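Everything on this sheet refers to the single structure shown next.
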Amino acid sequence: MASWGEASQSRLIGKRIARLSGKDKVTGKAKYTYDINRPGMLYARILRSDVAHAAVMDIDLSQAEALPGVKAVIPLTEAGRNLRYQGQEIAAVAAETDDIAKDALRLIFVELEELPFVVTEADAMAENAPQIRDWEGNQSKPGINEQGNVQAAFEEAAVTVEATYHTPVQTHVCLETHGHVTEWTDDQNLTVWASTQAVFGVRNDFARRFEIPANQVRVITEHMGGGFGSKFGPGVEGHTAAQLSRITGLPVKLMLTRRAEHLVAGNRPSMTQHVKAGASSDGRLVAYDMRGYGTGGISSGAGFQAPYVYHVENRKTERFNVATNAGNQRAMRAPGHPQGAFAMDSLMDELAEKLGMNPLEFRRINDSSEVRQAQYTLGAQEIGWHRRNTVPGSGTGVKKRGMGVGSGQWGGGGGRGTQARVTINADGTVEAVTGTQDIGTGIRTAIAIIVAEEFGLAPTDISVKVGDSGPGLPSGGSGGSQTTASVAPVIKTAAMAAKQKLFEHVAPLLKAPVDDLRVGTGTIYVASDRTNTVTWNQAAGLLGQESISEGGNWDQELRQGGVAGTQFAEVEVDTQTGNVQVLKIVAVQDCGLAINRLTTESQINGGVVMGLGQTLLEERIMDPQTGRMLNANLEDYKVPGTYEIPEIKSIVFDTHRKVTGVGEPPCIPTLGAIANAVYNAIGVRIRELPITPDKVLTALAEKKA
Amino acid sequence: MEKFSYVNATSLKQVTSLLSDSGWGEVMMIAGGTDLLAELKEYIETPKTLINLKTLPGMDSISADASGLKIGALTTVAEIAMHPTIQQDYTVLAQAAASVATPQIRNVGTLGGNLCQRPRCWYYRDETVSCLKKGGDICYAVEGLSKYHAIFGGDPVYIVHPSDIAPALIALNASIKIVGPEGEKTIKVEEFFTLPAANPFRENVLEPNEIVVEVQVPKPNPNTKSLYLKAREKGAPDFALASVAGVFEMMGKTCQTASIVLGGVAPAPWRSTDAETALTGKMINDSVSTKAGEEAVKNAQPLNDNEYKVPLTQNLISRAAMMAASK
């Protein structure tokens, strides 16, 4: 049975190894979809709705078609249909230059009849609001869940807290916007360069859409500039590019603008929850009653976790979606978890305070995860938890410091569906090929590490080919923190099989049985006689005109699901300006076996930054008057910059020697940790994200009054 | 953006004659372009002709002597921020310039452009929204989302002036040299900016055929302390939620004169004579500085979402006064 072996036996796995593509990325050599230019390529753009809700009366493409340089104009809606959110597609243009395409969009004349709209949850739920989809009152049928006896438990509770927590819609802000370059070699063969998290998913989607065999679509994603859950399919823009390409017989590039990226390329739904919870005098969370909702725009899917992480025996929850005239939600890094964690961790602190308990102790009582119990101890030590204000807001001076804690959990663990080949060539070179994609998480390097460990080589000796459906070795989409745990077992078993084959060639030369052979560093030797050895290249040379190429298989024993994490934050709040400066985050995260400790730490850093942005800065701002998103840019939609990034102590918390994955979970505990730290600093609780200076100053003014 | 012809400027005479009679928006001037290009791309402005000012000779330098500074309008924001004399003797100006945007923008953005930049208001910047500032019927901020809007002097357009440098120059009692077809004139920077009540469509007194060529700053007395405080949501790049340019003539901890000009809170840089009065002749301490802040905001008229700017502005003024007394 395969295993990853003991840590002490690992030469590479679990060590800190620089990303193989790092140099190409920082020098600009790495080519992203945005960088792909093909001979004769056209540039495409999409005309989008300016308004939140309208009926299409007429579309006139003729003037755009007549503009010199325009090669194709296609409608993406038609008279008689409705546009249901700002940014919805109306028509598309392909032209010789991007400037011509832009000009042509302004020559498309659309007659619209504007319809009543709702762009905020409050407006959508208001009495007499226009119904914008098949939900009465713009609310989906609630999902109700009850366990235990909530009413009786509240009677037993020594303290109760009732509060409303809110997180706004957050957009993904992929640095590389969504987009594709599409090229038909003939009417049955399509090549697509895609900024995607799912090379094979996109391949199959295009094949269905254009009714061609899947093996006649090739999708390439060599490097990818961020997806966070929003890039699993071609979307309207991908289909449009391929259609324009087919009509014109020329390659087409269609990348979304930043504005479109905010409007239509997905978002994390909002969350509002009214919650009442009770705890016993000995610190047990005994009762929980929550009614909550969120908006995923015109689509559903606005779920969130509640209660979260901490155990509560008696609970009742009621959740529903609110429809608004806004772009659809899509999966976003740990869907539903950060919102849920913010509310739950805030609630936990509020209860602890009423009980007069240290919030960390209160968590310990209600958290059944042994891993997190150990993480609490380590994290508290690292942040210096004893230094926190025992009385919130009791610090002196204008700038007040505070500390908070938050928790999270995630699944990961991978799954079936990856095919891979590991090839040893007679010249000693090694290739590892699979159809996964490196969306920035470092799977390319992880594959090299696994193969190099197995072969006694260096990661840089392994040529890793991912992000291409061409070789016909499928792998799943990169979502759910599943990539490494899905791919690693298959790569590992493929490498083991290839090694076994090589040993069979080497055994006669070394006059030793195959099972007595081992790899050294660039060598193969006989375990019972270590002086009996050949170099890797000599061994491979025995292959002559042949090569070894082995597939791998899914091995349950090499992976495991389930991770726990906790984070501690220290903040400084300027009580005169309302600014919250995060000084330090201690992020203790287990992820099973970290194949590459360095990129695992980077994942944690990235998650913390994203969680910090959601806590302090990010918010999609919809205007009830005009129906517009007012900050569909990066000026007023604020993401963390260097000034906002604190010292981040990312601790890879080793639990077991099986691969799990850690893409999503590190962005979860950050919200509660920072929000609780702000409360600890100023003694006023802000229950609505983001915690911006206006909210801090308003809360401080209310406290004073 | 719409197509336009591009003319390299050769002389001020040529520039003003190209600008003449065209009215607003037909012929426009470009220097750093950090604001104008965004407006062109968003179709907020659609000029037929752009005059490239960067080819004008002799307008991009700083001269400093015993009487003060002369700064050409084409001087970059970065050059102002990093000029040793400005850092030393005109600290508020160097700090204001350093707080602008990002290094990339400061390296190309010019003094003239910074003073003449257009509002950041999210309704104004959306091509598809026809607001009062662009000739429409209403200022959407009045009933709409007004977090970043004015608490002073708004009526009827509640934009805030986005310049950091302008409040600093006004606090330093600077003048601005303007050239038009009839020749040149020099006015106080304070008189350069106007409120929407006077003209809802423009933020300054410049005529369509005039150009800003130079800013002159008198040398502050040796006992002057000056500083710029800027509150924002993000460290950079971000515009001010509120800012304070403070110039104080100090005798020990006693404030002999104070010049307090606010940014980010009104459609033009906003001098707070109330705060100045509260500080002048006083020994600066907690209660005096607090009082100055309170006086400054007593006539504030916040909208739905920007009431927080009242304590913020008040606190920044108090902080500025305390810092002047402490350093």
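The values are calculated or read from the model by the stated rules, or taken from the named source; none is laboratory data. Note that the structure is a prediction, hence the values are computed from the model and not measured. For neighbour counting, all protein chains shown are included, and Cβ atoms are generated from backbone atoms with ideal geometry for every residue, glycine included.
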Query raised in the report: Quick one: is B:Met28 without any contact (Cβ under 8 Å) to a residue 40 or more places away in the chain, surrounded by 12 or more Cβ atoms within 10 Å (Cβ to Cβ), within 17 Å of B:Val212 (Cα to Cα) and under 24 Å from the mean Cα position of the chain (by Cα)?
Result: yes
Report summary line: Residues of the range A:239-250 being buried (at least 24 other Cβ atoms within 10 Å of the Cβ) and not hydrophobic (A, V, I, L, M, F, W, C), in sequence order, are A:Thr240, A:Ser245
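Tell me, which strands (runs of 3 or more DSSP E) wholly within the range A:390-498 include 2 or more residues that are among the hydrophobic types (A, V, I, L, M, F, W, C) and without any contact (Cβ under 8 Å) to a residue 60 or more places away in the chain?
Values: elements: A:399-410, A:420-424, A:430-434, A:462-465.
Answer list for the range A:390-498: A:430-434.
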Report task. Could you please let me know if B:Ala231 is within 25 Å of B:Cys139 (Cβ to Cβ), in contact (Cβ under 8 Å) with a residue 24 or more places away in the chain and buried (at least 23 other Cβ atoms within 10 Å of the Cβ)? Result -> yes
Report summary line: Within the range A:576-590, the residues that are buried (at least 24 other Cβ atoms within 10 Å of the Cβ), part of a strand (DSSP E or B) and not aliphatic (A, V, I, L, M) are A:Gln589
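One line per residue, one yes/no per condition, for (1) surrounded by fewer than 22 Cβ atoms within 10 Å (Cβ to Cβ); (2) of a type in the set (S, T, N, Q):
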{"position": "A:Arg388", "(1), (2)": "no, no"}
{"position": "A:Val405", "(1), (2)": "no, no"}
{"position": "A:Trp410", "(1), (2)": "no, no"}
{"position": "A:Gly414", "(1), (2)": "no, no"}
{"position": "A:Thr418", "(1), (2)": "no, yes"}
{"position": "A:Val422", "(1), (2)": "no, no"}
{"position": "A:Thr429", "(1), (2)": "yes, yes"}
{"position": "A:Thr434", "(1), (2)": "no, yes"}
Query raised in the report: Could you list, in sequence order, the residues of the range A:545-569 that are part of a loop (DSSP other than H, G, I, E, B) and either of a type in the set (D, E, K, R) or free of Cβ contacts under 8 Å to residues at least 24 places away in the same chain (or both)?
Result: A:Glu546, A:Asp555
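Would you check if there is a residue in the range A:538-558 being more than 14 Å from every other protein chain (Cβ to nearest Cβ), of a type in the set (Phe, Trp, Tyr), within 30 Å of A:Gly22 (Cα to Cα) and within 28 Å of the chain's Cα centre (by Cα)? Don't jump to the end; show me each part of the working.
Start the filter on the range A:538-558 by keeping residues that are more than 14 Å from every other protein chain (Cβ to nearest Cβ), which leaves A:538-558.
Now narrow it down to the ones that are of a type in the set (Phe, Trp, Tyr): A:554.
When the remaining residues are screened for being within 30 Å of A:Gly22 (Cα to Cα), the result is A:554.
Filter once more, so that each one left must be within 28 Å of the chain's Cα centre (by Cα): A:554.
Scanning the range A:538-558, I find at least one residue that is more than 14 Å from every other protein chain (Cβ to nearest Cβ), of a type in the set (Phe, Trp, Tyr), within 30 Å of A:Gly22 (Cα to Cα) and within 28 Å of the chain's Cα centre (by Cα), so the answer is yes.
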Requested in this report: Would you check which residues across the range A:230-260 are in contact (Cβ under 8 Å) with a residue 40 or more places away in the chain and in a loop (DSSP other than H, G, I, E, B) and list them?
Outcome: A:Ser230, A:Lys231, A:Phe232, A:Pro234, A:Gly249, A:Leu250, A:Pro251, A:Leu256, A:Thr257
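Touching a residue at least 24 places away in the same chain (Cβ under 8 Å), within 14 Å of chain B (Cβ to nearest Cβ) and over 21 Å from A:His656 (Cα atoms): does that describe A:Glu572? Even if it seems obvious, please write down each step before you answer.
On the way: touching a residue at least 24 places away in the same chain (Cβ under 8 Å): yes; within 14 Å of chain B (Cβ to nearest Cβ): yes; over 21 Å from A:His656 (Cα atoms): yes.
Yes: the conditions hold for A:Glu572.
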Query raised in the report: Do we have any residue at all in the range A:56-65 that's at pLDDT 95 or above, away from chain B (no Cβ under 14 Å), in a helix (DSSP H, G or I) and within 24 Å of A:Leu263 (Cβ to Cβ)?
Result: yes
Report summary line: Within the range B:120-142, residues being surrounded by fewer than 23 Cβ atoms within 10 Å (Cβ to Cβ) and more than 12 Å from every other protein chain (Cβ to nearest Cβ) number 4
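Among the candidates B:Pro167, B:Pro156, single out the residue that is in contact (Cβ under 8 Å) with a residue 40 or more places away in the chain and either within 14 Å of another protein chain (Cβ to nearest Cβ) or outside any helix (DSSP H, G or I) (or both). Break it down stepwise before answering.
Working: B:Pro167 fails: either within 14 Å of another protein chain (Cβ to nearest Cβ) or outside any helix (DSSP H, G or I) (or both).
Unique residue meeting the criteria: B:Pro156.
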Query raised in the report: Taking the condition assigned to a helix (DSSP H, G or I) and without any contact (Cβ under 8 Å) to a residue 24 or more places away in the chain, does A:Gln339 pass?
Result: no
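Here's the yes/no breakdown for (1) surrounded by fewer than 21 Cβ atoms within 10 Å (Cβ to Cβ); (2) assigned to a helix (DSSP H, G or I); (3) in contact (Cβ under 8 Å) with a residue 40 or more places away in the chain:
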{"position": "A:Thr600", "(1), (2), (3)": "no, yes, yes"}
{"position": "A:Glu618", "(1), (2), (3)": "no, no, yes"}
{"position": "A:Pro624", "(1), (2), (3)": "yes, no, yes"}
{"position": "A:Gly627", "(1), (2), (3)": "no, no, yes"}
{"position": "A:Asn633", "(1), (2), (3)": "yes, no, yes"}
{"position": "A:Asp654", "(1), (2), (3)": "yes, no, yes"}
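Here's the yes/no breakdown for (1) at pLDDT 95 or above; (2) out of contact with any strand residue (DSSP E or B) (no Cβ under 9 Å at 6 or more places or on another chain):
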{"site": "B:Ser5", "(1), (2)": "yes, no"}
{"site": "B:Thr10", "(1), (2)": "yes, yes"}
{"site": "B:Ser22", "(1), (2)": "no, no"}
{"site": "B:Ala31", "(1), (2)": "yes, no"}
{"site": "B:Leu37", "(1), (2)": "yes, no"}
{"site": "B:Glu45", "(1), (2)": "yes, no"}
{"site": "B:Leu53", "(1), (2)": "yes, no"}
{"site": "B:Ser61", "(1), (2)": "yes, no"}
Report summary line: Picking from B:Leu172, B:Leu241, the residue that is within 14 Å of another protein chain (Cβ to nearest Cβ), in contact with a strand residue (DSSP E or B) (Cβ under 7 Å, 6 or more places away or on another chain) and under 19 Å from B:Ala320 (Cα atoms) would be B:Leu241
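Does B:Ala150 meet the test of being modelled with pLDDT of 95 or more, small (Gly, Ala, Ser) and more than 13 Å from the chain's Cα centre (by Cα)?
On the way: modelled with pLDDT of 95 or more: yes; small (Gly, Ala, Ser): yes; more than 13 Å from the chain's Cα centre (by Cα): yes.
Against the criterion (modelled with pLDDT of 95 or more, small (Gly, Ala, Ser) and more than 13 Å from the chain's Cα centre (by Cα)), B:Ala150 qualifies.
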Requested in this report: Out of the residues in the range A:672-705 that are in a loop (DSSP other than H, G, I, E, B) and out of contact with any Phe, Trp or Tyr (no Cβ under 6 Å at 6 or more places or on another chain), state the one that is nearest to the other protein chains (Cβ to nearest Cβ).
Outcome: A:Thr692
Query raised in the report: buried (at least 16 other Cβ atoms within 10 Å of the Cβ), hydroxyl-bearing (Ser, Thr, Tyr), in contact with a strand residue (DSSP E or B) (Cβ under 9 Å, 6 or more places away or on another chain) and not in a loop (DSSP other than H, G, I, E, B) - does that describe any residue in the range A:43-50?
Result: yes
Report task. Any chance you could count how many residues in the range A:105-128 are under 30 Å from A:Pro307 (Cβ atoms) and more than 34 Å from the chain's Cα centre (by Cα)? Result -> 0
Query raised in the report: When you look at A:Ile668, is it touching a strand residue (DSSP E or B) at 6+ places or on another chain (Cβ under 9 Å), at negative phi and hydrophobic (A, V, I, L, M, F, W, C), yes or no?
Result: yes
Query raised in the report: Which pairs do you get when a residue that is assigned to a loop (DSSP other than H, G, I, E, B), found in the range B:243-261, comes within reach of a residue that is surrounded by 19 or more Cβ atoms within 10 Å (Cβ to Cβ), reach meaning Cβ atoms under 8 angstrom, with the pair 6+ apart or on two chains?
Result: B:Lys253/B:Ile284; B:Lys253/B:Ala325
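Say we look at the range B:201-228 and pick out the residues that are among the acidic types (Asp, Glu) and farther than 17 Å from B:His161 by Cα; which of these is surrounded by the most Cβ atoms within 10 Å (Cβ to Cβ)? Break it down into steps so the answer makes sense when it comes.
Restricting attention to the range B:201-228, the residues satisfying the condition of being among the acidic types (Asp, Glu) are B:203, B:207, B:210, B:214.
Cutting the leftovers down to farther than 17 Å from B:His161 by Cα gives us B:207, B:210, B:214.
Details: B:Glu207: 16, B:Glu210: 20, B:Glu214: 23.
Looking at the filtered set, the residue picked out is B:Glu214.
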Report summary line: If we ask which residues in the range B:269-325 are part of a helix (DSSP H, G or I), touching a residue at least 40 places away in the same chain (Cβ under 8 Å) and within 14 Å of chain A (Cβ to nearest Cβ), their number turns out to be 11
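Do we find that A:Gly303 is part of a loop (DSSP other than H, G, I, E, B), under 27 Å from the mean Cα position of the chain (by Cα), in contact (Cβ under 8 Å) with a residue 24 or more places away in the chain and surrounded by fewer than 24 Cβ atoms within 10 Å (Cβ to Cβ) in this structure?
Numbers: part of a loop (DSSP other than H, G, I, E, B): yes; under 27 Å from the mean Cα position of the chain (by Cα): yes; in contact (Cβ under 8 Å) with a residue 24 or more places away in the chain: yes; surrounded by fewer than 24 Cβ atoms within 10 Å (Cβ to Cβ): yes.
Here the answer is yes, as A:Gly303 does meet what is asked.
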